[in-house]
Amino acid sequence: YLSQGFFAVVGTLIFPFIGGVLRSNSRQRFLIWIIFWNILVHSCLSHKEFRFLLPILPFVLCFCGSYLSILWKDRDTTIVRHRYLFWCFFIFLLITNIGVAAYTSFIHQKGTINVIHYIRNMSEKQDSDKFSTMFLMPCHSTPFYSYVHKNIKLSFLTCLPSNQPGYLDEADRFFLKPNTWLNQKFNGTNELLPNCLVMFDNLVVAIKTFLDQYHYKEIKKIFHTHFPEGRIGSNVIIYCLK
């Protein structure tokens, strides 16, 4: 959280925040300890997510506002320089926050939502009772029936917790040996092959043998992110039976 999480949550506000901390008085510094305590406690947890740090954002904004207020109200001989610095900060924060908000709202990681709309439209052209789709992604990567609103069979890799030592959930077992997992699931059982498989593009090579064996063909590639990492690829790909 100290090296990544805090900076990811605060973003470009880190600059006026530092200025506010340096110019803070003894009463305001109490908020610094609240911020530090929150980061310290969450750093001790094994499960970490950036959103866990969101409660400290109002305290960060207090320091940012305090610093900008000091720049605007300072009446000493450097008032011109301080006002100039205020407007630089204001324009910089405005541009960066609007830019990031627009990018993350309309471009970044939209593939997992757009693919659901595509699956829904595709199911309308087929017999919904016989249409099925399986998502070979980290669990809960996409919306589910709340977006589809269709009586079709959807399935995904689960990640149910367990207190058993060494336990691996279904998603972890799949990503360890994806081709083997698929063959065991559909060769060793009476389960029918899904009409469509949805996955990130970085998984295709690992299950290419399975896709060729059962004649799955790529029908759609949807952009997802410019910053792929781990199990998350740049594009979402839909493969369907011929």
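So the values come out like this:
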item: Net charge over other residues, Cβ less than 15 angstrom from the Cβ of Thr225 (K, R count +1; D, E count -1); result: +1
item: Percentage of interatomic Cα-Cα distances in segment 1-134 larger than 26 Å; result: 46 percent
item: Pairwise Cα inverse-distance average, inverted: Kirkwood Rh of segment 26-65 (Å); result: 10.8 Å
item: Cβ-Cβ FRET estimate between Arg29 and His140, R0 fixed at 51 Å, reported to 0.05; result: 0.80
item: Sites matching trypsin sites (Lys or Arg not before Pro) across segment 53-160 that sit in DSSP coil, with at most 12 neighbouring C-beta atoms within 10 Å; result: Arg75, Lys125, Lys130
item: Kyte-Doolittle mean at least -1.0, axial Cα span of 27 Å or more - DSSP H helices of the chain; result: 79-106
item: Phe15-Lys185 pseudo-label distance in nm [points 7 Å out on the Cα-to-Cβ vector]; result: 4.8 nm
item: Stokes-Einstein diffusion coefficient of segment 120-242, Kirkwood radius over Cα pairs, 20 °C, 1.002 mPa s, in µm²/s; result: 139 µm²/s
item: Rg(Cα)/(2.2 N^0.38 Å) for segment 1-59, N = residue count; result: 1.12
item: Cβ-Cβ FRET estimate between Gln126 and Glu229, R0 fixed at 41 Å, reported to 0.05; result: 0.75
item: Heavy-atom accessible surface of the chain: percent carbon and sulfur, 1.4 Å; result: 61 percent
item: Computed over the chain, Kirkwood Rh from alpha-carbon pairs, angstrom; result: 21.8 Å
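The values are calculated or read from the model by the stated rules, or taken from the named source; none is laboratory data. Treat the numbers as computed from the prediction; the structure is a model and nothing was measured. Using ideal geometry, Cβ is built from the backbone for each residue, glycine included, and neighbour counts are taken over all protein chains shown. Only protein heavy atoms, including side chains, enter the accessible area calculation; ligands, DNA and RNA are left aside. Shrake-Rupley method; radii C 1.70, N 1.55, O 1.52, S 1.80 Å.
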